[in-house]
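What follows is a set of notes on a single structure, which appears directly below.
The values are calculated or read from the model by the stated rules, or taken from the named source; none is laboratory data. Since the model is a prediction, treat every value here as computed from it, not as a measurement. Note that we place each Cβ from the backbone using ideal geometry, even for glycine, and neighbour counts take in every protein chain shown. Heavy atoms of the whole protein, side chains included, go into the accessibility calculation; ligands, DNA and RNA do not. Shrake-Rupley method; radii C 1.70, N 1.55, O 1.52, S 1.80 Å.
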Amino acid sequence: MPRNIVFTATAGQSSVRWGNTPTTPTLPSLELESPDAGTVDTAISGGRVINNGASSALFILSSTPSATITPSSGTVPAGGSVDYKFTPSTAIEHTITLTNVSGGATTGSPALFTPDAAAPSVGTTVATLKAYASTTGSSLPFSATVLPLEGDVPAGYTLESPDDATLKASILSTHSDGSAAVVVVSGHTDGTAGSSGTIRLQTATAGSSTALTASAISALLTNITVSTGAYGTTVLTDFSTPSRTWWANSRTICARYVIDPPSPGSTALQAVVDVQAFGGRALVEVVFENCRMNTASPTAPAAATYTGATVSVNGGAAIATVDASGAYEGEHSKFRAWYASTWIGGDPGLRVTQTHTELQLHPMFWKMAAASTASLTACGALTYTPWSPVSHSTSMGATGDHPGIGPLPMWSARALQTGDYRAWNAVEVNDLGALTYDINYRDSTTGLPPTIAELNGKSMQSNWPNLYAGGHPGGGTGWKDSHHPACGLMGFISRPSPVFIEIAQKIAVWNGTLTRNDNGATERDTGIFISGYQTRGKAWGIRSLGHATFLTPDALPWKAAGKASLTANLAYLDEWRTAPLQTGLAIMWELRTDLPYNRNTWVTRVNYKLWQHHYLLWEVAKIASARIVAPANQTAADTCADWLLSHSVKWVNDQAATGSWRYMP
């Protein structure tokens, strides 16, 4: 049976959809949408034509090479359907020609399609967790992130475990078909120091259970004290009304609180606290920022100077003591932050992550070609210290290679390659290290990082405050679009925390607001990576925007705004596909579609660095394959990705003897 079928459209054809029928997996099926049909019946059974309008003549189908299509023609009554069976005589590609005998107008184009799979039965194993213990204990609480593939956990289903009857799941976001995309599971497991175990996750019918409330947090926390010298001391004692609940089920609750210094002056100092409570234990995380602004009318906060700022929990010893002078500028500059955390009831000492072999199958990542032989000792020894860049570059704007540059930083790639707890430690610590950089933005009204939609019209080059706007001095911990690492998504996989969700969003905000300069052309919307960004800046910008959008919970406005910005970026990139200067090589040259930039003037024609183009096509392909954009925009995303990917084939197959194919006219 052919796995790829080529469809040829003729007049009156609306769409073609093909895939394996779940009940007869050895035969492909067809589903055709009538020109006057309003919707497509997704309950495929052998293939069918659907007509939701008036009774009309059916398509006539024929195949090259020969294939039996039953029936080959007929009529569809109003609201009716006709089943098909497509039986190829040869296991090679087929061209299906469709003719509408009523002569209806063409309203669409062919599209390959995988039909809705049969709903999984309860108890189907769809994921496996690896649990590494650094301590010995029984019934240790944990939370872990799971990224089910599209369709694995359909709407109305959840996850449970045959290895942990206490495990509960919270679905944070969904795929375009409504199935679970990002899930946090919480449960208990026994641990022996230095050993690993596995926890299977299976589908289950979603039922009702009583989720934990803020009272579970109040039972564990009596106070959190933040002291910042001249800016004052604040003690939070009421945990009954969090500003936000990130997720909650009968095993855990994760909620947010905000602590403001009493005398901030013209700074924007603020402690953003996230608490994840389990039975008898709680993880308290604090991000101390200087970044809060009114997004609509922003005023940059003043730098803060303090010595011995502390955070303590339940009246205990300080979990962090920080001097502002430790930051790069010798003060707590605008848009910088540091992090501190502690466990109430004791650290359970668990690292629980989805297996790396499963993650490699996810369209946001890739399958590794070989196993790792690298030593991970240094990864396991990394720790976070406020103001430290950890393993990130302190000259991000400088030329040259660095382990942080690429689709994923080296340490994240090691985690994806090995699943080793030491590599995941490096992921967590380095993602937290991103807070040291000038990426931190928070809206004073919503209390969240601003959405791309809220930022429209803003640019660091004119009306959006920034620290360095990408032009930071050498040796400083400043961000750079063209060399910045991926942070947030992998951190969340290493350990589910709202801190990582917001790190991903903050990076996307910084990247998107860097510039709107299109080198003389009309400025585009904020968040579109126009000619002011190098091709690699476009690649990493779209990658980080995709990570933030995918990771953001469906309930947050950032999600829809991120999807819209991805769609706008893909539409912008697609302008190169139809540009008059485009050659058969399928490339995106630097600058604008009508104004190519020659990076090496000693070359008489336009010179372009294809390795940067390869960065871009990788990231666009992953975003299209993960189907992150809204369903209505998926076809456009696929078209853009397919065109960019065609370059790799053309590079090999379309070479002219003169080498002229290498150049633009």
Please determine, by comparing only the residues of segment 199-211 that are within 27 Å of the chain's Cα centre (by Cα) and open to solvent by 70 Å² or more (accessible area, probe 1.4 Å), which one is modelled with the highest pLDDT.
-> ARG200
Qualifying residues in segment 314-344 (those that are open to solvent by 10 Å² or more (accessible area, probe 1.4 Å) and touching a Leu at 6+ places or on another chain (Cβ under 7 Å)) - the one nearest to ASP431 (Cα to Cα) = TYR339
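This table checks each residue for (1) of a type outside the set (D, E, K, R); (2) within 21 Å of the chain's Cα centre (by Cα); (3) open to solvent by 10 Å² or more (accessible area, probe 1.4 Å); (4) under 23 Å from THR399 (Cα atoms).
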residue: ALA415; (1), (2), (3), (4): yes, yes, no, no
residue: LEU435; (1), (2), (3), (4): yes, yes, no, yes
residue: PRO450; (1), (2), (3), (4): yes, yes, no, no
residue: TRP464; (1), (2), (3), (4): yes, no, no, no
residue: SER497; (1), (2), (3), (4): yes, yes, no, no
residue: THR513; (1), (2), (3), (4): yes, yes, no, yes
Filtering segment 417-428 down to residues that are crowded, with 22+ Cβ neighbours inside 10 Å and either touching a Phe, Trp or Tyr at 6+ places or on another chain (Cβ under 7 Å) or in a loop (DSSP other than H, G, I, E, B) (or both) yields ASP420, TYR421, ALA423, ALA426, VAL427
Pairing a residue in segment 309-327 that is in a helix (DSSP H, G or I) with any residue that is of a type in the set (Val, Ile, Thr) and open to solvent by 10 Å² or more (accessible area, probe 1.4 Å), where Cβ atoms lie under 8 Å and the two sit 6 or more apart in sequence or on different chains, gives ALA324/THR305; ALA324/THR307; SER325/THR305; SER325/THR307
For ALA230, state whether it is modelled with pLDDT under 95 and either under 25 Å from the mean Cα position of the chain (by Cα) or among the hydrophobic types (A, V, I, L, M, F, W, C) (or both).
-> yes
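For segment 212-240, which residues satisfy the criterion of being closer than 26 Å to GLY346 by Cβ and open to solvent by 40 Å² or more (accessible area, probe 1.4 Å)? So that I can check it myself, show each step before the final result.
Let us first name the residues in segment 212-240 that are closer than 26 Å to GLY346 by Cβ, namely 212-227, 235-240.
The answer is LEU212, THR213, SER215, SER218, ALA219, THR222, VAL235, THR237, ASP238, SER240.
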Say whether the condition of being at pLDDT below 90 and open to solvent by 40 Å² or more (accessible area, probe 1.4 Å) is met by at least one residue in segment 559-572.
-> no
Just wondering, is there one or more residues in segment 573-588 that are more than 24 Å from VAL509 (Cβ to Cβ), in contact (Cβ under 8 Å) with a residue 40 or more places away in the chain, among the β-branched types (Val, Ile, Thr) and open to solvent by less than 20 Å² (accessible area, probe 1.4 Å)?
-> yes
List the pairs whose first member sits in segment 369-380 and is modelled with pLDDT of 95 or more, whose second member is not in a helix (DSSP H, G or I), and whose Cβ atoms are under 6 Å apart, counting only residues at least 6 apart or on separate chains?
-> LEU376/ASP420
Give me the pairs, please: first residue somewhere in segment 630-643 and touching a residue at least 40 places away in the same chain (Cβ under 8 Å), second residue anywhere and surrounded by 15 or more Cβ atoms within 10 Å (Cβ to Cβ) and acidic (Asp, Glu), beta-carbon distance under 8 Å, and either six or more positions apart or on two chains.
-> ALA636/ASP574; THR639/ASP574; CYS640/ASP574; TRP643/ASP574
Note on segment 261-307: residues open to solvent by 40 Å² or more (accessible area, probe 1.4 Å), at pLDDT 95 or above, over 16 Å from ARG336 (Cα atoms) and not hydroxyl-bearing (Ser, Thr, Tyr) are PRO262, GLY265, ARG281, ASN294, ALA296
Residue check for PRO141: touching a Gly at 6+ places or on another chain (Cβ under 8 Å) and open to solvent by 10 Å² or more (accessible area, probe 1.4 Å) | no
